[in-house]
Every structure is written in structure tokens, then in C-alpha cells.
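Everything on this sheet refers to the single structure shown next.
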């Protein structure tokens, strides 16, 4: 299967984030501001990034993942989204993340529960919205094994105040999911996931399916390369599947991830129009049971 402009994001089916229906192939905004995020790569051409966003919507993408801390010296992802898509299509769902943030110099800081309202309001201002469709509480690595209830409770209050429609969590454990579900409803869990995922990550994905929650993997293409992008020299197993179908390695990784369950949503990010077309087309790629099993057997170091 080669990427076809006629393939739309609807090819992989839909899922509901609360009362909001989205196509399972979405778009991640992190790479709109540069070839690598956070001023570490070549800055993107602003008009090209605007064009990619508009083309994504033309291809049926109606779920965009962003954050106020996605910015470079030249532009911010939220500003690009507003410029490209406002006034927004009625079916477009924009999800953002809070708790981490960056000051104007790019230095990272982490909000207290009391500071989360300011982060939410900044996303509202940048996007030109009166409410946010989905806000994910992005847990810092240092808190992966601790309580997040106080921060999540602060977001629940903002939801009750009408600033947020639905809540999600990101970079979390199964125990933290149980903790926050006792505070307020959760519509999605956003964690790193892809070929070579650890057993605890696979267990959390299955749990979300049982609970009817969306599981939204990030780094499904980049894998262990994370923010820097895919590691050069992909595994022979992934390459063999790509050759068999006549597709890119990224498309194989996206298709494998989407086939983990109907509740799995993809948010691949790119600032390249050609890669966008390929990512959307991956939603129509179906791997065989044998191919799925072969790729599932890869260990993290091999994937």
C-alpha cells in the first residue's frame, strides 16, 4: 500500500472521548515548530506548518494534541493551530497538556496545583478558545510512583467551572489511573507506547480497553528515540514487514500500534506534508496476525 491522498483519517475507525467522536488517526503538534522540538533542531517554515495543519483537517484529522510548552524561538504550536484552523471546525477536538511548562528562555518548570489554572488559561488564550476540549495532566518522571490526586483535583475544579470539557492523564501508572478515577471521570490515558513496549505498558493499554478509555500512545514512531525521532537502523523484523507491504517503517509502526485495540488512538506528529500523507494512510494498513505477533515479540532494545 502506498500513501494515497484519497485515504482519510476515517480509515482506522472512530472512538469517543467522552461525548466527542474522533477519528483514530490524529495529529501531534510537537514537531510543528522544528525538526526536533524545543529549539534543538532546524526551525520549520511557518507557512509550511500552517499548510500541514490545514491538510491534516482536509484528510479527516479531527483530533489534535498540543501544549503551550511546544514552542521554539520562532513560533508556538498553539499559535500555528489558531492561525491555520480558526474559526475551528465543529468536529475538531483539541487536547492539550498541563503541569510541565517552559519560561521564555526555554527552561522547564512544574506547576503547583494552584498554578494549573494559569496554564489552562494560557492555552485558552493562545488557541482562542473559551474552553478546552481535553486537558491531560502530564505527570513528571519524578512522580511516576507518587500521588497525583491533588493536581488532578485542581483540574477537576476547572472542569466544573466550565474551562475544561474532559480530563485525561499522561505518563502514568495503573495505580495513578485508579487514584484519579476516584476523583473525576477520565476519558483518555496518554503514555509512550509502540513496538517493544514493556509488559506494564501493555497491561495498562489492556486495562484502558476494559474500562472503555482511549489509550493515546506517543512516540509510536520514534520509539526509544523519543523527542529526537526514530533511531537510525530499524530492526530487520520491522523492515521486512514494511517491504512486504511496500510502505514506510513509520507506517508499519503506526499500523501495529493502532491494531492493539479499537480504543487506541494515534497522534503522530510531523511538519512534513509527505509524512503527513503517509501517517494518515497508515490507518488503512492491516497487518496479518503473524506479522503482529512477530513484531510483538521484539524486546525494547530490539525495537
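Laboratory data are not the source of any read-out in this text; all were calculated from the coordinates shown. These numbers were taken from a predicted model, which means no experiment stands behind them. Cβ placement follows ideal geometry from the backbone for every residue including glycine, while neighbour counts extend to all protein chains displayed.
When the Kirkwood radius is taken over all Cα pairs of the chain, what Stokes-Einstein diffusion coefficient follows at 37 °C and 0.692 mPa s, in µm²/s? Mind showing how you got there, number by number?
On the way: Rh = 19.3 Å.
The diffusion coefficient I find is 170 µm²/s.
Expressed as a whole number of Å, what is the distance separating the alpha-carbon centroids of the stretch 261-284 and the stretch 49-65?
The two parts, judged by their Cα centres, are 11 Å apart.
Run the numbers for residue 178 and residue 202: contour at 0.36 nm per residue of separation, minus the present Cα-Cα distance, in nm. Spell out each step's value before the answer.
Values: separation 24, 0.36 × 24 = 8.64 nm, distance 1.64 nm.
Length gained between residue 178 and residue 202: 7.0 nm.
Give me the percent relative contact order of the chain, please, defined on Cα pairs under 8 angstrom at least 6 residues apart. Present the calculation step by step, with values, prior to reporting the outcome.
Numbers: 603 pairs, mean separation 67.3, N = 303.
Result for the chain is 22 percent.
From Cα coordinates alone, what are the radius of gyration and Dmax values for the stretch 129-170 in angstrom?
11.0, 34
Using Cα springs under 10 Å in a Gaussian network model of the chain, which residue among 250, 266, 203 shows the largest mean-square fluctuation?
203
Quote the FRET efficiency, to the nearest 0.05, computed for residue 107 versus residue 144 with a Förster distance R0 of 25 Å and r equal to the Cβ-Cβ distance. Don't jump to the answer; show the numbers that get you there.
Working: r = 22 Å, r/R0 = 0.88.
Once rounded, the FRET efficiency stands at 0.70.
Select from 265, 213, 32 the residue whose mean-square fluctuation is largest in a Gaussian network model of the chain (Cα-Cα springs shorter than 10 Å).
Sorting by GNM fluctuation, first place goes to 213.
What ranking, highest mean first, results for peptides 118-131, 70-83 when packing means the other Cβ atoms within 10 Å averaged over each residue?
On the way: 118-131: 16.9, 70-83: 20.9.
The most tightly packed comes first, giving 70-83, 118-131.
Select from 49, 174, 142 the residue whose mean-square fluctuation is largest in a Gaussian network model of the chain (Cα-Cα springs shorter than 10 Å).
Of the options given, 142 has the highest mean-square fluctuation.
Please give, to one decimal in nm, the separation of the simple spin-label points placed at residue 121 and residue 292, each 7 Å out from Cα toward the Cβ.
4.8
Using the beta-carbon distance between residue 272 and residue 54 and R0 = 25 Å, what value does 1/(1 + (r/R0)^6) give for FRET efficiency, to the nearest 0.05? Kindly include the intermediate steps, with their values, before the conclusion.
Working: r = 14 Å, r/R0 = 0.57.
So the FRET efficiency works out to roughly 0.95.
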